[in-house]
Amino acid sequence: MKIYLACGLTHVPRTRFESYVAFIHHMASALEALGAEVKYALKDSDPQLANCPPEDKARLCYLWDRRMVEWADLVIAECTYPSTGVGIELQIAERNGTPTIICFQATNATAAPAVEYLNPDGKHYELQIGEGHVTLMALGLPTVFLVVPYVKHEEAIWKIGAAVSERMKAI
């Protein structure tokens, strides 16, 4: 099975960046141990972009990451942190009919607080942000077959590994 592991990196708090990167690498290794071929930006596009001319980086980032999504039999989107790029990747996967797992760390530290707004009709509304972790639009994608909230990184790796293992048996 070919898996693309999507992850948003731009808005990871820098105090958590090192542990988040280690988590993504550990997730990829665990999936590879199941027999999957795994691609992800931290290994398969970002390091290569460092050697590209600045004027080419955005275009190549898009092309390379898009190619990895299109290559995949399964997309796993780690959505703890907001990411326009992961949103684009999720939409590419949806367009291609690629099954998708969304996971995110569900803690108070990573949740967006509830907020109200005033519309021109003079009424107050509560912004519909689901549980405050992942936008409802992403969670509503028809290709999402599993949503994995987790507290500890090890829990995510175990839950996703079990789901991927089951899926591989079914193929």
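Which residue, of LEU60, LEU42, is at pLDDT 95 or above and over 19 Å from the mean Cα position of the chain (by Cα)?
On the way: LEU42 fails: over 19 Å from the mean Cα position of the chain (by Cα).
Criteria check complete, one pass: LEU60.
Table: residues versus (1) of a type in the set (Lys, Arg); (2) under 20 Å from VAL12 (Cβ atoms); (3) part of a strand (DSSP E or B).
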{"position": "LEU63", "(1), (2), (3)": "no, no, no"}
{"position": "VAL75", "(1), (2), (3)": "no, yes, yes"}
{"position": "PRO82", "(1), (2), (3)": "no, yes, no"}
{"position": "GLY87", "(1), (2), (3)": "no, yes, no"}
{"position": "ALA93", "(1), (2), (3)": "no, no, no"}
{"position": "THR110", "(1), (2), (3)": "no, yes, no"}
{"position": "ASP121", "(1), (2), (3)": "no, no, no"}
{"position": "GLY130", "(1), (2), (3)": "no, no, no"}
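So how many residues does segment 62-88 have that are surrounded by 16 or more Cβ atoms within 10 Å (Cβ to Cβ), of a type in the set (D, E, K, R) and closer than 21 Å to ILE160 by Cα?
1
Looking only at segment 40-52, decide whether some residue is out of contact with any Leu (no Cβ under 6 Å at 6 or more places or on another chain), touching a residue at least 24 places away in the same chain (Cβ under 8 Å), more than 21 Å from LYS2 (Cβ to Cβ) and not polar (S, T, N, Q). Looking for residues that are out of contact with any Leu (no Cβ under 6 Å at 6 or more places or on another chain), touching a residue at least 24 places away in the same chain (Cβ under 8 Å), more than 21 Å from LYS2 (Cβ to Cβ) and not polar (S, T, N, Q), one finds none in segment 40-52, hence no.
Would you mention how many residues in segment 76-92 are closer than 12 Å to ALA156 by Cα and modelled with pLDDT under 95? Residues meeting the conditions: 0.
Out of all the residues in segment 1-21, which are small (Gly, Ala, Ser) and either touching a Leu at 6+ places or on another chain (Cβ under 9 Å) or without any contact (Cβ under 8 Å) to a residue 24 or more places away in the chain (or both)?
The one that is small (Gly, Ala, Ser) and either touching a Leu at 6+ places or on another chain (Cβ under 9 Å) or without any contact (Cβ under 8 Å) to a residue 24 or more places away in the chain (or both): ALA6.
If you filter segment 139-157 down to residues that are farther than 11 Å from CYS103 by Cα and touching a residue at least 12 places away in the same chain (Cβ under 8 Å), you find that the one that is surrounded by the fewest Cβ atoms within 10 Å (Cβ to Cβ) is PRO142.
Yes or no: segment 104-112 includes at least one residue that is touching a residue at least 40 places away in the same chain (Cβ under 8 Å) and hydrophobic (A, V, I, L, M, F, W, C). Please lay out each step first, then the result.
Residues of segment 104-112 that are touching a residue at least 40 places away in the same chain (Cβ under 8 Å), as a first pass: 104-107.
When the remaining residues are screened for being hydrophobic (A, V, I, L, M, F, W, C), the result is 104, 106.
Checking segment 104-112: at least one residue is touching a residue at least 40 places away in the same chain (Cβ under 8 Å) and hydrophobic (A, V, I, L, M, F, W, C).
Here segment 38-61 is the region considered, the condition is being exposed (fewer than 13 other Cβ atoms within 10 Å of the Cβ) and of a type in the set (Asp, Glu), and the residue that is nearest to HIS153 (Cα to Cα) is ASP56. Scoring GLU131 on the criteria (1) under 24 Å from GLY87 (Cβ atoms); (2) of a type outside the set (Lys, Arg); (3) at pLDDT 95 or above leaves a single failure, condition (3). Any chance you could count how many residues in segment 63-117 are hydroxyl-bearing (Ser, Thr, Tyr), farther than 17 Å from MET27 by Cβ and touching a helix residue (DSSP H, G or I) at 6+ places or on another chain (Cβ under 8 Å)? Looking only at that region, the number is 1.
The values are calculated or read from the model by the stated rules, or taken from the named source; none is laboratory data. Since the structure is predicted, the reported quantities are computational estimates derived from the model, not experimental observations. For neighbour counting, all protein chains shown are included, and Cβ atoms are generated from backbone atoms with ideal geometry for every residue, glycine included.
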